[in-house]
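Have a look at the structure below, then the notes.
The values are calculated or read from the model by the stated rules, or taken from the named source; none is laboratory data. All figures in this text were calculated on a predicted structure; none of them were measured in a lab. Methodologically, a virtual Cβ is constructed for each residue, glycine included, from the backbone with ideal geometry; neighbour enumeration extends over all protein chains shown.
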Amino acid sequence: MTLLSCNDPAAAERWCALVRARGETLGFVPTMGALHEGHLTLVRRALRENRHACVSVFVNPLQFDDARDFERYPRDLAADARLLAAAGASMLFTGELRQFFPAAQGGAVPCRDPGPDAQGLEGEFRPGHFAGVATIVARLFELVRPTRAYFGAKDYQQCRVVLHLARELGFPQVVVCPTSRDPDGLARSSRNQLLSPAERQRALALSRGLFAAHDAWRAGERDAARLEAVLAAELAREAVQVEYAEVRDPERFALRPSGALPRARALIAARVGRVRLIDNLDLAAEDPA
Ligand code: AMP
């Protein structure tokens with residue numbers, strides 16, 4: 001299958017409609033580009049479960065609260081197209097904000113309510129971020145109308161926001177894929193390429209913290225505060241600026257827990273130099289990798 005590349009969301013919408021009219025299934029992977037192996041695990045899964053994989057590459061300005069972060073975000077559409085062609089994707093599309101929201105005509109795009117799970121964590125440190133995510137993802141779902149859409153657990157809170165959105169819209173089926181990591185544990189991220197070699201070493205504190213908390217859970221620790229202390233202790237060993245390092249009960253995600261937890265997800269955000277990284281782990285998972 002040759003990759004069809006298109007820089008007009010309206011043309012992508014027509015192609016997707018054609019595919020659906022032929023009765024073929026469509027797996028959709030929304031991304032911000034600078035694609036890496038983590039993204040490709042989603043594309044391959046989409047191809048295993050659908051006839052076609054359609055990938056969007058759009059650095060969505062609505063979800064950046066910091067203009068410099070938006071400018072610095074890595075972009076390489078030609079390399080993205082090469083990776084997607086090699087992976088067997090059918091379609092890559094991109095576009096400008098005004099093409100996605102022509103009705104806004106240069107004015108502000110009305111943002112969607114991202115739902116209850118957008119509170120706290122990323123929602124606290126990146127105000128407006130999830131409203132921006134929900135707004136573009138809803139628009140992408142409308143354009144592509146995929147059979148299934150694929151998201152990475154690496155952005156766990158985002159997955160929760162998207163699952164809520166898909167329930168509200170009544171489609172599509174959302175598939176959450178495991179976090180893909182480098183062999184030393186670092187969660188793959190487009191932002192990793194902004195790290196110097198020394199910063200990359202320091203960045204390992206995030207996954208180390210999560211794995212230490214996982215070990216503590218396996219050893220029987222269930223107390224939220226003590227699990228958070230394990231995260232904090234590991235992060236304190238490196239020069240990283242922690243924004244949050246918290247443990248949440250996924251069944252009561254919006255609440256900060258206290259006391260013993262029946263299940264737990266640990267979530268971290270930290271700045272390493274100028275680069276902001278996030279990672280998370282299901283502490284009760286058999287195999288944390
Ligand atoms: P991004 O381009 O960072 O917006 O990511 C696009 C999609 O790829 C999102 O659903 C991410 O959660 C997912 N993703 C990014 N990095 C990884 C990773 N290391 N493992 C699994 N999924 C990932």
| message | Cβ-Cβ distance below 6 Å, separation of 6 or more or different chains: which pairs start in the range 263-289 with a residue that is at negative phi and end on one that is β-branched (Val, Ile, Thr)? | response | Ala264/Val247; Ala266/Val247; Ala269/Ile278; Ala270/Val240; Ala270/Val242; Val272/Val240; Asp279/Ile268
| Hits in the range 60-104 (condition: aromatic (Phe, Trp, Tyr) and touching a Pro at 6+ places or on another chain (Cβ under 9 Å)) | Phe70, Phe93, Phe100, Phe101
| task | Six or more apart or on different chains, Cβ under 8 Å: which pairs go from a residue in the range 177-198 that's on the phi > 0 side of the Ramachandran plot to one that's in a helix (DSSP H, G or I) and more than 7 Å from the ligand (Cβ to nearest atom)? Could you list them? | result | Gly185/Leu204; Gly185/Ser207; Gly185/Arg208; Gly185/Phe211
| request: For the range 231-246, name all the residues that are among the hydrophobic types (A, V, I, L, M, F, W, C) and crowded, with 19+ Cβ neighbours inside 10 Å. | output: Leu231, Leu235, Val240, Ala245
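Please list, ordered by residue number, the strands (runs of 3 or more DSSP E) wholly in the range 65-179 having 1 or more residues that are small (Gly, Ala, Ser).
Details: elements: 91-93, 148-152, 173-177.
The strands (runs of 3 or more DSSP E) meeting that bar are 148-152.
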| said: I'm trying to understand the selection: among the residues of the range 223-253, which are in contact (Cβ under 8 Å) with a residue 40 or more places away in the chain and assigned to a loop (DSSP other than H, G, I, E, B)? | reply: Phe253
| remark: When the range 259-272 is checked residue by residue, the ones that are in a loop (DSSP other than H, G, I, E, B), surrounded by 18 or more Cβ atoms within 10 Å (Cβ to Cβ) and among the small types (Gly, Ala, Ser) are Ala264
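If I filter the range 37-45 for residues that are away from the ligand (no atom under 15 Å from the Cβ) and surrounded by 21 or more Cβ atoms within 10 Å (Cβ to Cβ), do I get at least one hit? Break it down stepwise before answering.
Here is the first cut: in the range 37-45, the ones away from the ligand (no atom under 15 Å from the Cβ) are none.
Among the residues of the range 37-45, not one is away from the ligand (no atom under 15 Å from the Cβ) and surrounded by 21 or more Cβ atoms within 10 Å (Cβ to Cβ), which makes the answer no.
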| said: Looking at the range 31-53, I want the residues that are under 25 Å from Leu18 (Cβ atoms) and assigned to a helix (DSSP H, G or I) and have a partner that is among the basic types (Lys, Arg) and more than 6 Å from the ligand (Cβ to nearest atom) with Cβ atoms under 9 Å, at least 6 apart or on another chain. Which pairs are those? | reply: Ala46/Arg148; Glu49/Arg148
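Restricting attention to the range 132-168, and to residues there that are more than 16 Å from the ligand (Cβ to nearest atom) and over 23 Å from Glu251 (Cβ atoms), which single residue is surrounded by the fewest Cβ atoms within 10 Å (Cβ to Cβ)?
Restricting attention to the range 132-168, the residues satisfying the condition of being more than 16 Å from the ligand (Cβ to nearest atom) are 142-143, 145, 147, 167-168.
Narrowing the set further to residues that are over 23 Å from Glu251 (Cβ atoms) leaves 142-143, 145, 147.
Working: Glu142: 12, Leu143: 21, Arg145: 16, Thr147: 20.
Applying the filter and picking the extreme gives Glu142.
Surrounded by 15 or more Cβ atoms within 10 Å (Cβ to Cβ) and either assigned to a strand (DSSP E or B) or in contact with a His (Cβ under 9 Å, 6 or more places away or on another chain) (or both): is that true of Ala284 in this structure? So that I can check it myself, show each step before the final result.
Details: surrounded by 15 or more Cβ atoms within 10 Å (Cβ to Cβ): yes; either assigned to a strand (DSSP E or B) or in contact with a His (Cβ under 9 Å, 6 or more places away or on another chain) (or both): yes.
Yes.
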| request: Working carefully through the options Ser196, Ser207, find the one that is crowded, with 17+ Cβ neighbours inside 10 Å and either in the same structural domain as Val240 (by TED's automatic domain parsing) or over 18 Å from Arg276 (Cβ atoms) (or both). | output: Ser207
| remark: Flagged in the range 169-194 as within 12 Å of the ligand (Cβ to nearest atom) and either farther than 25 Å from Ile268 by Cα or of a type in the set (A, V, I, L, M, F, W, C) (or both), in numbering order, are Val174, Val175, Val176, Cys177, Leu186, Ala187
| field | Unique residue being of a type in the set (Lys, Arg) and not in a helix (DSSP H, G or I) when the list is Arg256, Arg208, Arg200 | value | Arg256
| How many residues are within 13 Å of the ligand (Cβ to nearest atom) and of a type in the set (Phe, Trp, Tyr) when one looks only at the range 15-36? | 1
| message | So Glu228 ticks every box in (1) surrounded by 15 or more Cβ atoms within 10 Å (Cβ to Cβ); (2) within 16 Å of the ligand (Cβ to nearest atom); (3) not hydrophobic (A, V, I, L, M, F, W, C) but one. Which box is left unticked? | response | (2)
